[in-house]
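Written below as structure tokens is the structure these notes are about.
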Amino acid sequence: MESIVITIGGSVILSEDIDVSFFKKLRILLKKLSKKYKIYIVAGGGKTARNYIKIGRELGFPEETLDELGIGVTRVNAKLLTEIIEISNKKIPKTTDEAKKLENPVVVMGGTTPGHSTDMVGAELAEKTRAAKLIIATNVDGIYDKDPNMYIDAKQLKEVTISQLIKQYGTEWKSAGKNIVIDGPALKIIEKTRIPTFVLNGKKLDEIEKAINGQKFNGTVIKI
Ligand code: UTP
């Protein structure tokens, strides 16, 4: 059975307006997809993680500790998802190797170690499980030419090359809570492993399904 890795941004899991119906629909979609694919989900930390990081930074905590605060939040979000998805693991794996060993049809995890975001965890997990696809589910419709949350004239890119992204964002980890499209360490793995990567809006569950099934979807394809 082919594996698919989906990273779900914390902003998708815990949006301003708590939407219970989203979780119910997600549960149905994952049950359906798990008949065809082994699904791995990596939960992000979003605004809650950034709030903890902001407090810690103002108190002068070292970067590594700030990352650890973020990791804690991603694991709480992962725990929430595992309780919603009956067919998933209930204990949150701390490494991608641990996640790989789990036999549940859907495996959910959060962050691992400091120095990157959950994008990199998703890319690493995709590499280790030889996944057919990496889906990056964020809170906007893919990658734009500039931040769509800040500029109303930002244009969605239907496709972008990995070298363009690396040129623009680099491959280094900048700082805890850094809110960029895909983190540098993840770009590096995507480039090396040539894993087909798709960026889309995680709130739009139909688009996740279309991208996984190889249909035309609203989002960005990363060309290797
Ligand atoms: P996220 O992966 O949620 O980062 O991890 P993000 O960029 O805020 O993503 P969205 O908004 O959810 O899409 C939150 C923070 O936790 C730390 C980092 O500081 C990151 O910015 N973290 C997370 C790690 O250090 N290691 C991990 O494996 C995961």
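Computed from the coordinates by the stated procedures, all read-outs in this text should not be read as laboratory data. Fair warning: this is a prediction, and the values are worked out from it, not measured in the lab. All Cβ positions, even for glycine, are placed from backbone atoms using ideal geometry, and neighbour counts span all protein chains on display.
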Could you tell me which of rounded, prolate or oblate describes region 25-165, using a ≥ b ≥ c as the square roots of the eigenvalues of the alpha-carbon gyration tensor, with rounded for a/c under 1.5 and, failing that, prolate when a/b is larger than b/c and oblate otherwise? oblate
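Find the eigenvalues of the gyration tensor of the Cα atoms of region 11-60, then list the square roots of 5 times those eigenvalues as equivalent ellipsoid semi-axes, largest first, in whole angstrom.
Working: eigenvalues 194, 41, 4 Å².
Gyration-tensor ellipsoid for region 11-60: 31, 14, 4 Å.
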Can you compute 3J(HN,Hα) from phi for each residue in region 158-173, using the Karplus curve 6.51 cos²θ - 1.76 cosθ + 1.60 with θ = phi - 60°, rounded to whole Hz and x for Gly and Pro? 6, 8, 8, 8, 5, 5, 4, 5, 5, 5, 6, 10, x, 10, 8, 8
Which ordering of Leu81, Leu26, Leu205 is given by a fewest-first count of other beta-carbon atoms within 10 Å? Leu205, Leu26, Leu81
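Over region 128-224, what is the mean sequence separation of C-alpha contacts under 8 Å (at least six apart), divided by residue count, expressed as relative contact order in percent?
Details: 161 pairs, mean separation 40.2, N = 97.
This gives 41 percent for region 128-224.
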Find the relative contact order for region 109-179 and round it to a whole percent, using C-alpha pairs within less than 8 Å whose residues are 6+ positions apart. 24 percent
Starting with the highest mean, order 100-109, 115-124 by the number of other Cβ atoms within 10 Å, averaged over the residues of each peptide. 115-124, 100-109
Is there a quick way to get the dipole size of the chain? I mean about its Cα centre, with the Cβ of Lys and Arg at +1 and of Asp and Glu at -1; what is the value in debye to the nearest 20? 740 debye
Given the rule -39500 (n - 2.57) for each run of at least 4 DSSP H residues, summed and divided by the residues of the chain, what is its mean residue ellipticity at 222 nm, to the nearest 500 deg cm²/dmol? -13000 deg cm²/dmol
Using the 10 angstrom Cβ neighbour count as an exposure proxy, how do Glu83, Glu63, Glu207, Glu68 rank, fewest first? Glu83, Glu63, Glu68, Glu207
Taking alpha-carbon centroids only, region 133-155 lies from region 185-207 a number of Å equal to 12 Å
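Would you mind calculating the gained length between Asp206 and Asp153 on full extension (0.36 nm times residue separation, minus the Cα-Cα distance), in nm to one decimal? Write out the running numbers ahead of the final one.
Working: separation 53, 0.36 × 53 = 19.08 nm, distance 2.52 nm.
Full extension from Asp206 to Asp153 adds 16.6 nm.
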Order by neighbour count: Ile71, Ile28, fewest other Cβ atoms within 10 Å first, most last. Ile28, Ile71
Run the numbers on the chain and let me know its relative contact order in percent, using alpha-carbon pairs under 8 Å that are six or more apart. 24 percent
